[in-house]
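Here's the structure we're looking at; comments come further down.
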């Protein structure tokens, strides 16, 4: 059985964002309570007016007004919390982008080290040496063969070239020439006339 899944590490930034969001949720809950009080005080004031108790209605409205000031303060606090959470989250995104750019820059530096002039010249020199070695080995083999063997090799090379060319022609599609449109219809051949008629048309010498 494989090991358990690794638990993602919680950073200080994650904890800070979580705490701010918890505070934001508490403020929203407190706002709901204040709104319930506002609605209740409004109904109480109406009831006191119906019963003719103006002083009590005025007291209920004053309490309602005080709750409205608290609600306005919580709105401001909630807005500050929202902005702070957004700022931290955006800053984390910026940090991630900068980290990615740094890694990309390091990779480019490594690539440039591999593609410097010295390495390129070294590769070209090694390629030239390999070609020279191949040429020397070819000359050595050619000198070690007899004239008959060398001729047989040349013949085998020509045969192999012909086979390769034939295979290429088989695989390549054959393009037939297109028939031009609007060709004149060929005249029908004249019927062959009897020999006697041909002799009659030949003028006799004078």
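The values are calculated or read from the model by the stated rules, or taken from the named source; none is laboratory data. The model shown is predicted, which means the values in this text are computed figures rather than measured ones. Note that each Cβ is placed from the backbone with ideal geometry, even for glycine, and that neighbours are counted across all protein chains shown.
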Name the single residue that is farthest from residue 70 (Cα to Cα) among those in the range 37-46 being touching a helix residue (DSSP H, G or I) at 6+ places or on another chain (Cβ under 8 Å) and loosely packed, with under 15 Cβ neighbours inside 10 Å. 46
Answer with yes or no whether residue 136 is part of a helix (DSSP H, G or I), touching a helix residue (DSSP H, G or I) at 6+ places or on another chain (Cβ under 7 Å) and at pLDDT 70 or above. no
Would you mind finding the one in 49, 20 that is surrounded by 13 or more Cβ atoms within 10 Å (Cβ to Cβ), in a helix (DSSP H, G or I) and free of Cβ contacts under 8 Å to residues at least 12 places away in the same chain? 49
